[in-house]
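Structure record follows, encoded as structure tokens.
The values are calculated or read from the model by the stated rules, or taken from the named source; none is laboratory data. All of these numbers come straight from a predicted model, not from anything done at the bench. Using ideal geometry, Cβ is built from the backbone for each residue, glycine included, and neighbour counts are taken over all protein chains shown. What goes into the accessible areas is simple: the full protein's heavy atoms, side chains included, and nothing from ligands, DNA or RNA. Shrake-Rupley method; radii C 1.70, N 1.55, O 1.52, S 1.80 Å.
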Amino acid sequence: MEKRSPATLRLVGLAFIVVVALIVIFSSYTIVSPGHRGVVVMLGKVEKTALGEGFHLIIPPVVRQVVQVDVRTKKLEVEAEAASADLQAVKVTGVLNYHLDPVNVGKLYQEVGLDFESIIIVPALQEAIKAATAQYRIERVLSERAILKQKIQDTLAERLAKSYIIVDQFSMANVEFSEEFNSAIEQKQVAEQTALKKQ
């Protein structure tokens, strides 16, 4: 068995150090995508400041991880079964445009995680629709649609702000009534037309 010379051992040691140094250098940076913020987690603890878009050095690289969170405007469509003030069934399709507060995205990640839509937004949206619809009689749900929409939007904005979610806009895409109510409206229209013909 051949003995390696001290120069060869030195060379192997130097090569090893260079490889380790390169691994550390290449793993110590991250690039945060456009429209995102980087939440830095160090040994399981979320750091206060989130990283903005672009290139960032992460030192020490092994103990610090970066979770990218999308802060762009998103659209969420939810159907809610509600009841009017006179206990008529109403089905409302609500569309919400929202975005996360870029400054407090770390707090949201720490308190809720990335599944905030199903945990916070969807239940809040359904509850706001039901609460607002319950204040109006069935015939006023359509005639005062703009006021109803604004009430739902204001309720959502106030509630979601507590979870660092900003409401951009809410709209009522569709409002459906029960078959009984629709047939009652048809019968009323037929009766009105018959009365007009008799006159």
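Values computed for the structure shown
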{"quantity": "Contact order normalised by residue count of the range 1-87, Cα under 8 Å, 6+ apart, percent", "calculated": "27 percent"}
{"quantity": "Descending principal axes extents, the range 124-164, alpha-carbon based, whole Å", "calculated": "36, 15, 11"}
{"quantity": "Estimated 222 nm signal from helices in the chain, with DSSP H stretches of n ≥ 4 weighted -39500 (n - 2.57), rounded to 500", "calculated": "-13500 deg cm²/dmol"}
{"quantity": "For the chain: relative contact order, % (alpha-carbon pairs under 8 angstrom, 6 or more apart)", "calculated": "19 percent"}
{"quantity": "Residue-normalised accessible area of the chain, expressed per residue, 1.4 Å probe, Å²", "calculated": "65 Å²"}
{"quantity": "0 to 90° range, to nearest 10: angle between helix 179-198 axis and the chain longest Cα axis", "calculated": "30 degrees"}
{"quantity": "Pair D70, V112: separation of 7 Å Cα→Cβ label points (nm)", "calculated": "1.5 nm"}
{"quantity": "Sequence of T30, T49, T8 from largest to smallest accessible area, 1.4 Å probe", "calculated": "T49, T8, T30"}
{"quantity": "E77/F55 FRET efficiency (R0 35 Å; Cβ-Cβ; nearest 0.05)", "calculated": "0.45"}
{"quantity": "Protection proxy ranking of 163-171, 60-68 - average other beta-carbon atoms within 10 Å, highest first", "calculated": "163-171, 60-68"}
